[in-house]
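Read the structure below first, then the notes.
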């Protein structure tokens with residue numbers, strides 16, 4: 001007897017008669033993630049707002065649900081990340097076109113020299129994609145190893161970074177309204193506080209589903225490594241990469 005991994009109903013065919021999910025749910029692998037990228041450029045699944053809400057209120061449980069096969073109600077991780085990144089970039093572009101550069105949000109050389117920062121903001125998905133494998137590795141070695149493989153762990157990382165971008169968008173919205181009301185400019189670096197708080201909430205929520213020694217220490221180590229890697233990348237690594245590939 002085979003049961004649906006999404007709703008638990010007995011399955012007798014290719015699809016679950018109760019919820020419609022496929023009977024066979026493949027494990028997450030490099031090939032699976034590649035298909036997800038292709039899927040994003042063909043159509044967007046339902047459940048985007050539902051996934052966003054769940055990634056705010058129960059990020060660990062949400063990522064685990066998707067990894068373990070309860071996928072029908074969730075936006076897939078790659079498209080979730082890319083949608084929020086696109087929304088954020090388009091909004092920043094609109095702010096600059098209407099109000100001018102650094103009028104609503106001052107990037108303050110957030111990614112290094114001014115030209116490098118502007119390039120990074122305009123190609124944010126590429127910038128963040130570089131750190132996804134590292135953060136997935138930290139999460140795998142410290143928390144998920146033994147239960148999930150590396151690529152399954154990467155799903156949780158992609159979901160968490162997509163939500164970080166969503167919070168960046170919320171920060172940009174607040175900056176926009178404050179600029180309308182009192183005409184002030186917000187510094188992009190202030191949004192790092194949101195990143196730290198959310199990553200702390202994410203690692204706390206996901207680690208509680210694992211039986212581990214020194215769980216609090218592992219969670220703290222992940223937070224330090226994840227945010228530290230991002231900070232080093234944005235301050236030094238990205239500027240070096242641009243210089244290396246362009247010679248400027």
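Where helices (runs of 4 or more DSSP H) sit wholly within the range 111-223, those with at least 1 residues that are surrounded by 14 or more Cβ atoms within 10 Å (Cβ to Cβ) and modelled with pLDDT of 95 or more occupy 132-139, 150-182, 192-207. Flag set for residue 169, criterion: closer than 30 Å to residue 66 by Cα and within 18 Å of the chain's Cα centre (by Cα).
Applying the criterion of at least 2 residues that are surrounded by 15 or more Cβ atoms within 10 Å (Cβ to Cβ), at pLDDT 90 or above and touching a helix residue (DSSP H, G or I) at 6+ places or on another chain (Cβ under 9 Å) to the helices (runs of 4 or more DSSP H) found wholly in the range 6-105 leaves 48-57, 59-67, 77-99.
The values are calculated or read from the model by the stated rules, or taken from the named source; none is laboratory data. These figures come from a predicted structure and were not determined experimentally. Glycine gets a Cβ as well: all are built from the backbone with ideal geometry, and neighbour counts include every protein chain shown.
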